[in-house]
Amino acid sequence: MEGPARTPTPSNLFSFSRLKTFAQCPLRYRYRYLQGMREAFRSIEAHLGMVVHDVLEWLYQERAEGGDPGQGEALRRFDGQWQERWTDDVAIVRVGDSPEVYSRRGRELVASFHDTVFTIDRSETLALEQRLSVRLSPDVVFTGFADRVGRTAGGRLFVVDYKTSSREGNSSDFSEGLQAPLYASCVMERHGGESCLAGYHYLRHGTTRWEEISRERGEQLRARFLALARDAIVAQEFPARPGPLCAWCGFNRICPEAMVPDHLSGGQTA
């Protein structure tokens, strides 16, 4: 069995990743957050997302400091970070794929974002990868990191989250329905204002979806998140929920119910 990577996450500290894990598979939640166990691998999709996020953060940081980075510079940053952040535990879940397939895809996402979004974006950056934290009750604290917080040319406050997933989410999805909107609620506490735009930019599709969040709506979202967190806190049983996501779970080698088809077994053999 895998050894602990760290002490278990404090029982009162909840991020979207933590709640989403509980909703998807309570057993994975127990392994990761309650027992503090290390996952045997991280997927190459997660590696790609981490590197792309780094490049986008770097682009806006360079601009905030008076620079004007071109596409070539962004791609060189991507290539460097791809190698620097690569570790032996990165797994290619889809058998038959190669690192080059994902690296090429990441370069395409960076190039497209630079040319179609970054070059024409004249909004002001207030913060990048800003840690947001708010106490929802005496026993629950919400925490998370906002990819970018800024103001539009017209002065409207906004927060945007970058997604590298293959599909666009919608407001009924767990994270898409709550994540950026709750970030917007926290951003208003930090930067002022009576409303904040909450956005998701789906890099593979080149689309951005915005929703205006008022302070009242923010309070409703906090109450919903708190109720979901309390469900996790009082849980006594943590059953496995086997399904397609098992292939991307770093505990699939020790889970008694994992369902991993042969063509998605790269994580199990990493």
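Some notes on this structure:
- Within segment 227-263, tally of residues that are in a helix (DSSP H, G or I) and either touching a helix residue (DSSP H, G or I) at 6+ places or on another chain (Cβ under 8 Å) or surrounded by fewer than 16 Cβ atoms within 10 Å (Cβ to Cβ) (or both): 14
- Residue satisfying condition, being closer than 28 Å to residue 93 by Cα and hydrophobic (A, V, I, L, M, F, W, C), within set 186, 255: 255
- Residue identified as in contact with a Pro (Cβ under 8 Å, 6 or more places away or on another chain) and farther than 14 Å from residue 126 by Cα among 228, 221, 182, 203: 221
- Subset of segment 140-157 [buried (at least 21 other Cβ atoms within 10 Å of the Cβ), touching a Lys or Arg at 6+ places or on another chain (Cβ under 9 Å) and not β-branched (Val, Ile, Thr)]: 142, 146, 157
- Qualifying residue in segment 49-66 (condition: outside any helix (DSSP H, G or I) and either free of Cβ contacts under 8 Å to residues at least 24 places away in the same chain or surrounded by fewer than 19 Cβ atoms within 10 Å (Cβ to Cβ) (or both)): yes
- Looking only at residues in segment 197-218 that are in contact with a Lys or Arg (Cβ under 9 Å, 6 or more places away or on another chain) and without any contact (Cβ under 8 Å) to a residue 40 or more places away in the chain, the one that is nearest to residue 182 (Cα to Cα) is 212.
- The one condition in (1) surrounded by fewer than 22 Cβ atoms within 10 Å (Cβ to Cβ); (2) in contact with a Phe, Trp or Tyr (Cβ under 8 Å, 6 or more places away or on another chain) that residue 180 fails to fulfil: (1)
- In the condition set (1) more than 27 Å from residue 268 (Cβ to Cβ); (2) out of contact with any helix residue (DSSP H, G or I) (no Cβ under 6 Å at 6 or more places or on another chain), residue 54 is compliant with all but (2).
- One residue alone among 91, 23, 40, 74 is closer than 24 Å to residue 160 by Cβ and in contact (Cβ under 8 Å) with a residue 60 or more places away in the chain, and that residue is 23.
- Residue that is modelled with pLDDT under 95 and surrounded by 15 or more Cβ atoms within 10 Å (Cβ to Cβ), where the choices are 110, 134: 134
- Residue satisfying all of: in segment 67-83; exposed (fewer than 14 other Cβ atoms within 10 Å of the Cβ) and not small (Gly, Ala, Ser); nearest to the chain's Cα centre (by Cα) among these: 83
The values are calculated or read from the model by the stated rules, or taken from the named source; none is laboratory data. Model, not experiment: these values are computed from the prediction. Every residue, glycine among them, receives a Cβ derived from its backbone with ideal geometry; neighbour counts consider all protein chains shown.
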